[in-house]
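We did not get these values from a lab; they are worked out from the coordinates using the rules stated. For clarity, every value in this text was computed on a predicted model and none was experimentally measured. With ideal geometry, Cβ positions are generated from the backbone for all residues, glycine too; neighbour counts draw on all protein chains shown.
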Amino acid sequence: MIKQALLILFLLVAGMITLYAQPTALVSDITIRKLMDTSADPIRIDKNPLTNEIYYLDDEGNIYLVDIANQSAAQVFTSADHSLNETFGLEIGATGNIYVVAAENVNGYNIGKVAKGVPDGSGGYSWSLLAHTQPYRHSGNRDHKFSAIIESTDGKYVYVNSGSRTDHSEEAKNDGLREMPITSAILKIPVDTSNLLLQNNELFLNNNGYLFADGIRNTFDMEYAPNGDLFGVENCDTRDNEEELNWLQEGHHYGFPWKIGTHHNPQQFANFNPPGSDNLLVAGINMESTFYNDPGFPVPPAGVTFTDPVINTGPDAAIIRDSVDGNIKDAIAIGRAMGTFSPHSSPVALTFDTEYQLGGDYTGHGFAMSYNASSQRKYAPFLDPGEDLMLLELTKSQGKYTTAVTRIAEGFSGPLDAVLVGNKMYIIEYSGKAIWEVIFPENTGMGIESPSSSISALIAVAPNPVGSSLSLTSAFEGLRIQQAKLYDLNGKVLGTFEGYEKAELSIPTGHLIPGVYFIFVETTKGRALKKIVKE
């Protein structure tokens, strides 16, 4: 049942590769080695930000501590500890709290659950049920359920992906129902609660502040960029819509099911008569019985503006089916704005170099992977190799993002998740049942010691770009600034500033010439490294 659920989660992946080759670097400045084999079905990998120790989770709720030096892992928790089964999400928070997410199917009903483990001070953890959903009907086909989870930068909430129960809001065959208030959304759960019942009721979710973002089909991974903006990668429907990278902002609606990728869902229109009326549906490839003329399709919410995905500026992961003539084309070559990745690639393993520990062309940038293999039936026409590692170079302008996408490695086997520790990335494979280590060049240009345990996402810098001064601020309870050092790109110390264990520290920057600088921050909870720009 669990394996079947995961396959549904990624569009009923077919034609899995059975011979797992060594992944290959496509650039000369990274190296890849196999770290170790894993347990049966690994799902997530994360690090404890206080110790940089790596843990991974399998789909039966077992959690393992990875011993990198000995290329092995030891089981530290089982489902009996946190009482969850069918687990899909893992997050280790800033103070060492462990959050586990489950998507359980009980007698044909879905129940999303989040468990919290708190360090007990003696090396153990105290586990409790943080929240659970009211049971809601399993669609019998496309349920994506609870998966990704991430702690807010102030440590007060966790954000949890509650995926759609349909492909594109068609009527489920077993009950005739579509999406529900509790689905296709990112939920906001206070971490100081216990046994919270999340009702499948729109007024309840809105009035209690439990809805972070809406119109999400299936955001399988969420991560913070170095500037603190939250991003998520989204797996789109069986129609040839692009897969998405979204800048996730509270209160925003991301379009599902009325807009997917950069396209409007045609099933909402009266003249929809597939496949002839839609060039993004192809008989024998992605034209399914769930696409049909649908007079009862719900109308879009009144007064809501949909937030578009990040636009891909190339050169890679930009192959599309042209909605005008139905032909496969390179979106960059024809000047077509696409958001964000080639259809059916199933983006996963979102990571960012938040600590600026990577050198070369990678400093401060992001990464994502495609889960699907090129042999997958719906993905094959796009001639993208799949199962690859992509470099994301994001640019923010006028409140929107674009990203350059460059493939830097390929040949993985069903990669699902990744984590950066220093200049090394650890990638966990579901199909290959292994952990791979990707070694990047180190960022030695600053001459700054790498933080052994970093909490950079918990320290805010404003404004940035800076003017005559900047403020370092901690919104996290118990985290106080002790000292900050300002460096230039050559590692020269330009100033040392005492924080006196306050939550805010002001630093003068009016004397700086235009350029890039770094601030190394010592706090009561760990170290942080922040990048600033003086224009």
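Miscellaneous remarks
- Label of the coordinate-derived value, semi-axes √(5λ) of the Cα gyration tensor in Å, listed as [x] 39, 27, 24; [y] 36, 26, 24; [z] 39, 32, 20: [y]
- Between region 106-163 and region 304-342, the C-alpha centres lie 33 angstrom from each other.
- Relative packing of 59-69, 42-52, 94-104, 187-197, which averages over residues the other C-beta atoms within 10 Å, highest first: 94-104, 42-52, 59-69, 187-197
- Amide hydrogen neighbours beyond the local backbone of ASP41, cut-off 5 Å, H modeled: ASP59
- For the chain, share of DSSP beta bridges that run antiparallel, in % to the nearest 5: 95
- Centre separation in Å (Cα based) which lies between region 72-93 and region 390-443: 24
- Top positive-direction residue, dipole computed over region 456-534 with Cβ charges, set THR524, LEU472, ASN490: ASN490
- Taking 17 Å as the straight-line reach from the Cα of LYS433, the lysines in range (excluding those fewer than 8 positions away in the same chain) are LYS3, LYS34.
- Under a 5 Å amide H cut-off, with hydrogens placed 1.01 Å from N, LYS433 pairs with nothing among residues at least 5 apart or on other chains.
- Overall form of region 316-451: oblate. Here a/c, set by the Cα gyration tensor axes a ≥ b ≥ c, is 1.5 or more, and a/b is not larger than b/c.
- Summing charges over neighbours of GLU202, with a neighbour being any other residue whose Cβ is under 12 Å away from its Cβ, gives -2 when K and R count +1 and D and E count -1.
- Candidate cross-link partners of LYS378 among the lysines, defined by an alpha-carbon separation under 16 Å and a same-chain spacing of 8 or more, comprise LYS329.
- Gyration tensor verdict on region 456-534 (Cα atoms; rounded if a/c is under 1.5, prolate if a/b is larger than b/c, oblate otherwise): prolate
- By the helix-only formula, in which each DSSP H run with n ≥ 4 contributes -39500 (n - 2.57) and the sum is divided by residues, the chain has a 222 nm mean residue ellipticity of -1000 deg cm²/dmol.
- Unit charges at the beta carbon, dipole of the chain: most positive-side option, ILE507, GLY255, LEU281: ILE507
- Here the label points at ASP154 and ASN490, each 7 Å from Cα along the C-beta direction, are separated by 4.1 nm in the simple model.
- Selection of GluC sites (Glu not before Pro), region 231-280, meeting DSSP coil and at most 16 other Cβ within 10 Å: GLU250
- Gyration tensor verdict on region 390-502 (Cα atoms; rounded if a/c is under 1.5, prolate if a/b is larger than b/c, oblate otherwise): prolate
- Given charges at beta-carbon only (K, R positive; D, E negative), |dipole| of region 456-534 in Debye: 200
- In order along region 136-146, the Karplus-derived 3J(HN,Hα) couplings, from 6.51 cos²θ - 1.76 cosθ + 1.60 at θ = phi - 60°, round to 10, 4, 5, 6, x, 8, 10, 4, 9, 6, 6 Hz, and Gly and Pro are given as x.
- Within the chain: Cβ-based charge dipole about Cα centre, in debye rounded to nearest 20 (Lys, Arg +1; Asp, Glu -1): 440
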